[in-house]
Amino acid sequence: MKLASIDIGLKRIGVAICLSSNIVTPQTAILRKNRNQAANDVNAFLKEWEIEKLIVGLPSASEDMQKRIQHFVKLLELEIPYEFQEENMSSIEAEDLIKGDIKYKRDGRVDSIAAQIILERYLTSNKQ
């Protein structure tokens, strides 16, 4: 099953995919100008990769962000199943992973690595 995960932020949406086995690959983050544009870009991404299930990062620590993320997912009008996955600390973990990389910038790499971590957590917790 082809899976994708998204880490929804206020400025960027990190994305990662798993097309076969358990190899998760971060993709280029989606820059967020407004909700509708971001939703359209996520939908296009899901169609382009023929994703069969979406995993959405959801922070248990922030009720406000939970509501924002759930609202954003409704904007997607998904035709595929989706699940929420605990995402606490995934961005901090991602930042630690790329420390020392050439000139750390807010270019979306951290967001997509956070999405990768979220999808890896999902795969680990759903092994059969």
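A short reminder: the numbers here are calculations on the coordinates, not readings from a lab. In this text, all values refer to a predicted model and were calculated from it rather than measured experimentally. Heads up, the Cβs are rebuilt from the backbone with ideal geometry, glycines too, and the neighbour counts pull from every protein chain shown.
Counting neighbouring beta carbons within 10 Å and listing from fewest to most, the residues THR25, THR124 come out as THR124, THR25.
Starting from the Cα-Cα distance between MET89 and SER20, subtract it from 0.36 nm times their residue separation and give me the gain in nm to one decimal.
On the way: separation 69, 0.36 × 69 = 24.84 nm, distance 2.59 nm.
Once the chain is fully extended between MET89 and SER20, it gains 22.3 nm.
The antiparallel fraction among DSSP beta bridges confined to the stretch 1-109 stands at about 55%. By the Kirkwood approach, averaging reciprocal distances over each pair of separate Cα atoms, the chain gets a hydrodynamic radius of 14.5 Å. Net charge dipole, the chain: roughly 380 debye, given to the nearest 20, about the Cα centre with Cβ charges of +1 for Lys and Arg and -1 for Asp and Glu. Residue separation of ASN36 and ALA61 scaled by 0.36 nm, minus their Cα-Cα distance, works out to 6.4 nm of gained length. Taking a point 7 Å from the Cα of THR124 along the Cα-to-Cβ direction, the residues of the stretch 6-23 with backbone N closer than 18 Å to it are 6-7, 16-18, 21-23. Using all pairs of distinct alpha-carbon atoms, the Kirkwood hydrodynamic radius of the stretch 53-102 works out to 12.4 angstrom. Charge tally for ASN22 (other residues, Cβ to Cβ under 11 Å; Lys, Arg +1; Asp, Glu -1): 0.
Once the chain from LEU78 to ALA44 is taken as fully extended at 0.36 nm per residue, the excess over their C-alpha distance is 11.1 nm.
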